[in-house]
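The values are calculated or read from the model by the stated rules, or taken from the named source; none is laboratory data. Values in this document were obtained by computation on a predicted structure and should not be read as measured data. In this analysis, Cβ positions are derived from the backbone assuming ideal geometry, glycine residues included, and neighbour counts consider all displayed protein chains. Please note that ligands, DNA and RNA were not included when accessible areas were found on the heavy atoms of the full protein model with its side chains. Shrake-Rupley method; radii C 1.70, N 1.55, O 1.52, S 1.80 Å.
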Amino acid sequence: MVVTVRSMGLNGVAGYEVSVECFLSGGLPAFDVVGLPDTAVREARERVRAAVKNCGAKFPVSRITVNLAPAGWKKAGTVYDLPIFVGILAAAGELPPPPADAAFLGELSLTGALRGVAGVLPMALAARDAGIRRLFCPAENAAEATLAEGLTVYGVPDVRSLAAHLRGEAPLDPAPVWTPEAEEGALPDLRDVMGQENVKRALEIAAAGGHNLLMIGSPGAGKSMLAKRLPSILPDLSREEALAVSGIWSVAGLTNPRRPLLTRRPFRAPHHTVSASALAGGGPNLRPGEISLAHSGVLFLDELPEFRRDVLEALRQPLEDGTVTVSRAGGTLHLPACFQLICAMNPCRCGWRGHPSGRCGCSDREVAKYVEKISGPLLDRMDLHVSVPSVEYEAMRRKTAPEDSAAVKGRVDAARAVQARRFAGTEVFCNAQMKPAMVGEFCALDSAGEALLKNAFDRMGLTARSHDRILRVARTIADLDGAEGIGAEHLAEAVQYRNTEILKG
């Protein structure tokens, strides 16, 4: 007898349906799992065998064949333990055939208890789209699965409870739909930063338009402190964005079972020793990297020249396309990677180039060698280049409190609302994502603006990419100013943020 149990699998950060086909036949006792299983899936044989015996059922003494279809896709992880358990007992007559509109997933312990698995949210969303109406998963993952609206989710504590439910002896209660709660703890606030008004202005522009930002300054000037306060002025996540980000984090095993939905934009700050694979994604099971974990949020690279060259070059394609393509022996994967890149660096290796103390001893050649680690194409993709000067003593001791993040966020939200109306019906959400045709439509200049941009283009040796990025930044500055068109003052401010001379100290 062949029994088919519906389950789910993961391909990158997307779920897909897997049919677990269990067949019991005569012959010498054996237990085979086919369908491109990895080691964790093959080891399900021993977990299922122990769980069956420890729940009081009789393990069938026959030849057992389990096929995971589609058989051409590699299956990984422990998510198939529960459907294999249900399929074997149903084929042996110990359980009734599972409902056609139900799916099962979860890892079994040897005692029959269910353990949580990673990636439940994208699998639950795929199950809903596949017409599944009931999802049985570990109790630990039930709250996360309820985020896929349209599913009745049953949190299963152990296989005894599941068997009693399927037999109609003791029905399980559906898990209540999880609703977001107020986040504990406040984000770092801009009011903690004394001075640096020019950098705060650049942060506001970056937040309002989704632009990339490079900060250059001596140690202790506040670069990292400012970058960590960017999330406090970014717009709130929409429901669609929150589901996408939470799904990526779920696959990476980073979500909290008690708070499965991310309600704040992610902020990722990998160490400069990170590898290119860890940044872009990959590995044996093609898991998302830091770039994808920062989707809809911020990727902060501190001490930028200390990163390996191949790591920095891995950023170029995602910055342009909003996706990262990972090609490995196991297949090719497209992962979402729409993020803001915020970078910080010292002006030279000792860090004190241009400092009022005059303590820098680096030569011009040493400074150039230090800066050369950042390629021109990567630098060209940074919308804002900002110098972070040392904070003066008077700024540190002043009595008046700086402007807080809430006030800045109000202006950012107003500018994003203008952009939402401008790009309604398109896949673009902010000015930084504008396509070339949109730049021509929404970034028109008057005669004074045209003359100013032409002079800057010729004098600064701008590229076509940097030309468009200046216009996008100018459009954001105009949105913050509440202006319909881009004025010469908006364009002039955008041009000054394109000053690559600060890299030379």
Percent of Cα pairs exceeding the 43 Å cut-off, where the set is the chain: 30
For q = 0.15, 0.29, 0.31 Å⁻¹, Debye-computed log10 I/I(0) when each Cα of the range 245-291 counts as one equal scatterer: -0.43, -1.12, -1.18
At most 11 other Cβ within 10 Å, DSSP loop - trypsin sites (Lys or Arg not before Pro), the range 25-63: LYS58
Per-q log10 I(q)/I(0), the range 257-338, q = 0.13, 0.19, 0.20, 0.24 Å⁻¹ (Debye; single scatterer per alpha-carbon; no solvent): -0.41, -0.83, -0.91, -1.20
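Classify the range 217-282 as rounded, prolate or oblate from the Cα gyration tensor: take a ≥ b ≥ c as the square roots of its eigenvalues, call it rounded if a/c is under 1.5, otherwise prolate when a/b beats b/c and oblate if not.
On the way: a/c = 2.59, a/b = 1.34, b/c = 1.93.
Because a/c hits 1.5 or more and a/b fails to exceed b/c, the range 217-282 counts as oblate.
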Spin-label pair ALA50/TRP73, simplified geometry with 7 Å Cα→Cβ offset, distance in nm: 2.9
Unmatched cysteines, the chain - criterion: no other Cβ of a Cys under 4.7 angstrom: CYS22, CYS55, CYS137, CYS338, CYS343, CYS350, CYS360, CYS430, CYS443
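Pull out a ≥ b ≥ c, the square roots of the eigenvalues of the alpha-carbon gyration tensor of the range 347-505, then state rounded if a/c is under 1.5, prolate if not and a/b is larger than b/c, and oblate in the remaining case. Each step should come with its number before you reach the end.
Values: a/c = 2.19, a/b = 1.38, b/c = 1.58.
Since a/c reaches 1.5 but b/c is at least a/b, the shape of the range 347-505 is classed as oblate.
Given only helices, namely DSSP H runs of n ≥ 4 each adding -39500 (n - 2.57), what is the per-residue ellipticity at 222 nm of the chain, to the nearest 500 deg cm²/dmol?
Details: 21 runs with 183 residues, N = 505.
After summing the helix terms and dividing by residue count, I get -10000 deg cm²/dmol.
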Translational diffusion of the range 1-125, µm² s⁻¹ [Kirkwood Rh, Cα pairs; Stokes-Einstein; 20 °C; 1.002 mPa s]: 149
Unit charges at the beta carbon, dipole of the range 315-455: most positive-side option, GLN317, PRO402, PHE339: PRO402
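Once you've got the Cα coordinates, tell me which of LYS373/LYS409; LYS409/LYS435; LYS74/LYS435; LYS75/LYS435 are over 30 Å apart. Intermediate values should be presented prior to the final figure.
Values: LYS373/LYS409 34 Å; LYS409/LYS435 26 Å; LYS74/LYS435 37 Å; LYS75/LYS435 38 Å.
Violating the 30 Å limit, Cα to Cα: LYS373/LYS409; LYS74/LYS435; LYS75/LYS435.
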Solvent-accessible surface (1.4 angstrom probe) belonging to MET8, in square angstrom, nearest 10: 0
Counting DSSP beta bridges with both ends in the range 278-417, the antiparallel % (nearest 5): 65
Cα gyration tensor category, rounded, prolate or oblate, for the range 64-178 with a/c compared to 1.5: rounded
Alpha-carbon spread of the range 208-326, three principal axes, descending order, Å: 41, 35, 26
The chain - share of DSSP beta bridges that are antiparallel (%, nearest 5): 50
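Quick check on the range 82-200: of the DSSP beta bridges with both residues there, what percent are antiparallel, nearest 5%?
Numbers: 3 of 11 bridges.
In the range 82-200, DSSP labels about 25 percent of beta bridges as antiparallel.
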Partners for LYS369 among lysines (Cα-Cα distance below 25 Å; same-chain residues under 8 apart left out): LYS223, LYS504
Residue-level accessible surface for THR152, protein heavy atoms, 1.4 Å, Å²: 50
Under 18 Å from LYS53, Cα to Cα: aspartates and glutamates that are on another chain or at least 8 residues apart: GLU43, ASP81, GLU94, GLU107, ASP158
Part-to-part distance (alpha-carbon centres) for the range 65-96 and the range 335-412, which is given in Å: 55
Inter-centroid distance (Cα atoms) of the range 269-308 relative to the range 441-459, Å: 36
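Mind checking the per residue accessible area of the chain for me, 1.4 Å probe, whole number of Å²?
On the way: 21760 Å² over 505 residues.
Ligands and nucleic acids excluded, the result is 43 Å² per residue.
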For the range 417-489: relative contact order, % (alpha-carbon pairs under 8 angstrom, 6 or more apart): 39
Within the accessible area of the chain (1.4 Å probe), percent carbon and sulfur: 52
ASP364 - accessible surface, heavy atoms, 1.4 Å probe, Å² rounded to 10: 110
Two-site label geometry, GLU240 and ALA451: point separation in nm, points 7 Å out along Cα→Cβ: 4.3
P(r), alpha carbons of the range 147-225 - 5 Å bins starting at zero, rounded %: 3, 10, 13, 11, 9, 7, 6, 6, 7, 7, 8, 7, 4, 1, 0
